[in-house]
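The values are calculated or read from the model by the stated rules, or taken from the named source; none is laboratory data. All values derive from a computational prediction rather than experimental measurement. Using ideal geometry, Cβ is built from the backbone for each residue, glycine included, and neighbour counts are taken over all protein chains shown. Just so you know, the surface numbers come from the protein's heavy atoms only, side chains and all, with ligands and any DNA or RNA stripped out. Shrake-Rupley method; radii C 1.70, N 1.55, O 1.52, S 1.80 Å.
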Amino acid sequence: MSLIVVATMTPQPGKLQDLTDAFEQVASAIQAEPGCELYAIHSDGSVVVTIERWESEAALDAHMKAPSVTALLEQGPKFLAKAPEIVPMRALGFGDPVKGTI
């Protein structure tokens with residue numbers, strides 16, 4: 001079963017656009033990585049959240065070492081108010097098999 005990751009990034013005041021621009025620059029490269037099943041970026045206007053699905057922990061580990069991600073993480077101090085909150089989890093899959101998982 002796939003590994004789900006929810007990551008929340010809180011930008012410094014006035015840096016939301018810079019943060020979203022940084023994600024826009026790397027999104028396609030990340031989505032093309034081996035093992036990436038889903039990489040969706042969302043914002044409510046105050047935080048940026050990625051919802052990700054990776055085929056395995058090995059794919060997620062490789063993703064965390066990919067050049068696009070390391071470049072993004074290096075830029076973090078310029079944009080982020082605090083460290084990203086990254087939560088890996090597994091779907092429980094209750095109910096409908098399609099609607100019950102991401």
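Counting only residues 5 or more places away or on other chains, whose amide H sits under 5 Å from the amide H of LEU80 once H atoms are built in the peptide plane?
Amide H neighbours of LEU80, under 5 Å, 5+ apart: GLN12.
Could you tell me what fraction of 2.2 N^0.38 Å the Cα radius of gyration of the stretch 48-100 comes to, as a two-decimal ratio? Each step should come with its number before you reach the end.
On the way: Rg = 14.3 Å, N = 53, 2.2 N^0.38 = 9.9 Å.
Relative to the 2.2 N^0.38 Å estimate, the stretch 48-100 comes out at 1.44.
Please turn the phi angles of the stretch 53-65 into ³J(HN,Hα) values with the Karplus equation 6.51 cos²θ - 1.76 cosθ + 1.60 (θ = phi - 60°), one per residue in order, whole Hz, x for glycine and proline.
Residue by residue, the stretch 53-65 yields 9, 10, 5, 6, 5, 5, 5, 5, 4, 5, 4, 5, 9 Hz.
In degrees from 0 to 90, rounded to the nearest 10, what is the angle of the helix 16-31 Cα long axis to the longest principal axis of the chain?
It is inclined by approximately 40 degrees.
Quick check on the chain: helices-only [θ] at 222 nm, where DSSP H runs of length 4 and up contribute -39,500 (n - 2.57) each and the sum goes over total residues. Nearest 500, please.
Calculated mean residue ellipticity at 222 nm is -11500 deg cm²/dmol.
Pull up all non-local amide H partners of SER56: gap of 5 or more, or a different chain, and H-to-H distance under 5 Å with H placed in the peptide plane.
LEU3
Roll a 1.4 angstrom probe over the protein heavy atoms and tell me the percent of accessible area of the chain that is carbon or sulfur.
Summing carbon and sulfur atoms, their accessible area is 59 percent of the total for the chain.
Enumerate the lysines that LYS78 could reach by cross-link, defined here as Cα to Cα under 21 Å, with residues fewer than 8 away along the same chain left out.
Output for LYS78: LYS15, LYS65.
Quick check on the stretch 1-66: take the gyration tensor over C-alpha atoms, sort the square-rooted eigenvalues as a ≥ b ≥ c, and tell me if it's rounded (a/c under 1.5), prolate or oblate.
prolate
Counting only protein chains, not ligands or nucleic acids, how are SER46, SER2 ordered by accessible area (probe 1.4 Å), most first?
I get SER46, SER2, largest accessible area first.
Which chymotrypsin sites (Phe, Trp or Tyr not before Pro) from the stretch 38-102 combine a DSSP loop assignment with at most 10 other Cβ atoms within 10 Å?
PHE94
With the other protein chains left in place, how much accessible area per residue, in square angstrom, belongs to the chain at a 1.4 angstrom probe?
About 60 Å² of surface per residue is accessible.
About the Cα centre, and with charges only on the beta carbon of Lys, Arg (+1) and Asp, Glu (-1), how big is the dipole of the chain? Nearest 20 debye, please.
So the magnitude is around 200 debye.
Taking all protein chains together and a probe of 1.4 Å, list VAL6, VAL69 from the most accessible to the least accessible.
VAL6, VAL69
Restricting to DSSP loop positions (anything but H, G, I, E, B) with no more than 11 other Cβ atoms inside 10 Å of their own Cβ, which trypsin sites (Lys or Arg not before Pro) remain in the stretch 27-98? Provide the component values of the computation, followed by the final result.
Numbers: sites: ARG53, LYS65, LYS78, LYS82, ARG90; in loops: LYS82.
Those that pass, being in a loop and sparsely packed, are LYS82.
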